[in-house]
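Worksheet: one structure, shown below.
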Amino acid sequence: MNFRHRIVRMHPAALVLAGFLTAIAAGTLLLKLPAASQSGYIAWMDALFTATSAVCVTGLVVVDTGSHFSMFGQSIILFLIQIGGLGVMTISVGMFRWIGRMISFRQRMAMQDLLSHTPREDIFGLVKSVFLFTIAVEAVGALLLTVHWSRELPLGSAVYTAVFHSVSAFCNAGFALFSDSMTRYGGDLLLNVVMCVLIVAGGIGFPVLYDLRSWMTEGRKKRQRLSVQTRVVLLTTMVLIAGGASLFAFLERESLTASGSMSHRILAPLFQSITCRTAGFNTVDIASLKDATLAVFLFLMFFGASPGSCGGGVKTTTLALLAVFTVSRIRGRHRVNLFRKTIPVETVTRSVSLILVSLTIIGVVLFMLLLGDSASGHNLSCPRGAFLTYLFETVSAFGTVGLSMGATPELDTWGKFWIIFMMIVGRVGVLAFSYVIVGAGMSVEVEYAEENMMIG
């Protein structure tokens, strides 16, 4: 069996994973080139970590992006971010369409899983819309950010900085050219608003954006109702943003008041509520936040963005299904209903399984990091303790968020390996990753006589 035939026969989930791993490998080799670094050298593990973080649009870094990499190296990172944000399969299908080649059924199924919640015949139309929307939004974002940075940088540098951060924000990557991320711009209205809009646009998912575009462009007579997924994503996103901002403003009220700037007191909670779900930029020092605030961040990072988006996590729709499922069972109902639609039992079961498997993976990786830390005798400089610090980094990697309490640059090879693993799992998806490892084949089930047992 030749290589091409093996590719054609691959399960869509395995095809997506193979695409991401190939992009990571290519990015690692490119970042190892002497021209990619200011000093002409970067360790293999650091190059691999950076490439993985870029392709998985995470933003965790072991070396400072702005000072360590040359413009060539930063361009490579930007290219990897764009590939990771759009999705490897989206890029490949678009290129196949451009050169006039047919894509395989497996590739079509992979695109179906990535970008649509219901079967679509116009998968090429969906991919085209993804490309055009991405280019348009990133271009507008870059233009507005150029206006901001032209006030302090030469025009050429302002354009370059604006393009880099516009792409990074829309793809929810969290890579910044400044060592303090966006902390210096905590009170800047233009930058905060533009970055927040870009992050939300990239985080609600291409299926939702496609659905909204179709809904707005169709006439009133032909206009169909928005899908359940679109309504759930929009509602859950608004609730998470408002809830996260309110909790942040309440928990960090002393530090916000001490900042002295009214704009910072208003913008910081909103910005952090939006960015901590998947983007990874920050306008406040994460390590200085209260434990209660970090707990809120852990919750938001775990659930992350929405399906079919640039972000990771178990997704907003999973959170919504879990909440409605819990309320339904408390009320004695066996089916989950949303917006006068009944959600299939299989979908609800998968959402519960997804959360359980995700928590298990996070727990295992956290244990391995703590084990490696104890074995090596390595002491973190973070005063909050190894457990909370490693938990934060692990969930941040899983949610492809990129926020850090400062531990990532201090990780040894063992720690970097586990964070790399978490970034890949978070970007590809837990269920897709499980399919690759366990297999998606149907097994014959055996049923025995029922016997009850106590729970709770």
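Before moving on, here are some points about what is shown:
- The string of couplings for the stretch 34-49 from the Karplus curve (6.51, -1.76, 1.60, θ = phi - 60°) is x, 5, 7, 10, 4, 8, x, 8, 8, 5, 4, 5, 5, 5, 5, 4 Hz, one whole number per residue in order, with x for Gly and Pro.
- 13 Å beta-carbon shell around Leu369, net charge (K/R +1, D/E -1): -3
- Computed extension gain for Leu338 through Arg151, at 0.36 nm per residue and net of the alpha carbon distance, reaches 62.5 nm.
- Pairwise FRET efficiency - Phe250 versus Phe178, Cβ, R0 = 35 Å, nearest 0.05: 0.80
- log₁₀ of I(q)/I(0) at q = 0.10, 0.11, 0.14, 0.17 Å⁻¹ - the stretch 171-322, Debye sum with one point per alpha carbon: -0.37, -0.44, -0.69, -0.95
- Computed lengthening from Ala136 to Glu410, 0.36 nm per intervening residue step minus Cα-Cα distance: 94.8 nm
- Across the stretch 129-144, computed HN-Hα scalar couplings (Karplus, 6.51 cos²θ - 1.76 cosθ + 1.60, θ = phi - 60°) run 5, 4, 4, 5, 5, 4, 4, 5, 5, 5, 5, 5, x, 5, 5, 5 Hz from first to last residue, x flagging Gly and Pro.
- Candidate aspartates and glutamates for bridging to Lys128, where Cα separation is under 20 Å - those fewer than 8 sequence places away on the same chain excluded: Asp113, Glu138, Asp211, Glu218
- Translational diffusion of the stretch 141-223, µm² s⁻¹ [Kirkwood Rh, Cα pairs; Stokes-Einstein; 20 °C; 1.002 mPa s]: 152
- Estimated FRET transfer efficiency (Ala292, Glu451; beta-carbon r; R0 51 Å; 0.05): 0.70
- Shape class of the stretch 278-422 from the alpha-carbon gyration tensor: prolate, with a/c at 1.5 or above and a/b greater than b/c.
- Calculated from backbone phi, Karplus (6.51, -1.76, 1.60) coupling profile of the stretch 338-347 in Hz, x at Gly/Pro: 9, 6, 6, 10, 9, 7, x, 4, 4, 5
- The candidates Arg331, Arg277, Arg384, arranged from most to least accessible area with a 1.4 Å probe in the full protein assembly, appear as Arg331, Arg384, Arg277.
- Net length gained if the chain between Val345 and Leu190 were fully extended (0.36 nm per residue, minus Cα distance): 51.3 nm
- Sequence-distant residues sharing a close amide H with Val336 (under 5 Å, placed H): Ile343
- Amide H partners (placed H, <5 Å) of Phe69, local residues excluded: Gln38
The values are calculated or read from the model by the stated rules, or taken from the named source; none is laboratory data. Everything numeric here is computed off the predicted structure, so don't read it as measured data. Counting neighbours? That spans all protein chains shown, and the Cβs are built from the backbone with ideal geometry, glycine included. Protein only, heavy atoms only, side chains kept; ligands, DNA and RNA dropped before computing areas. Shrake-Rupley method; radii C 1.70, N 1.55, O 1.52, S 1.80 Å.
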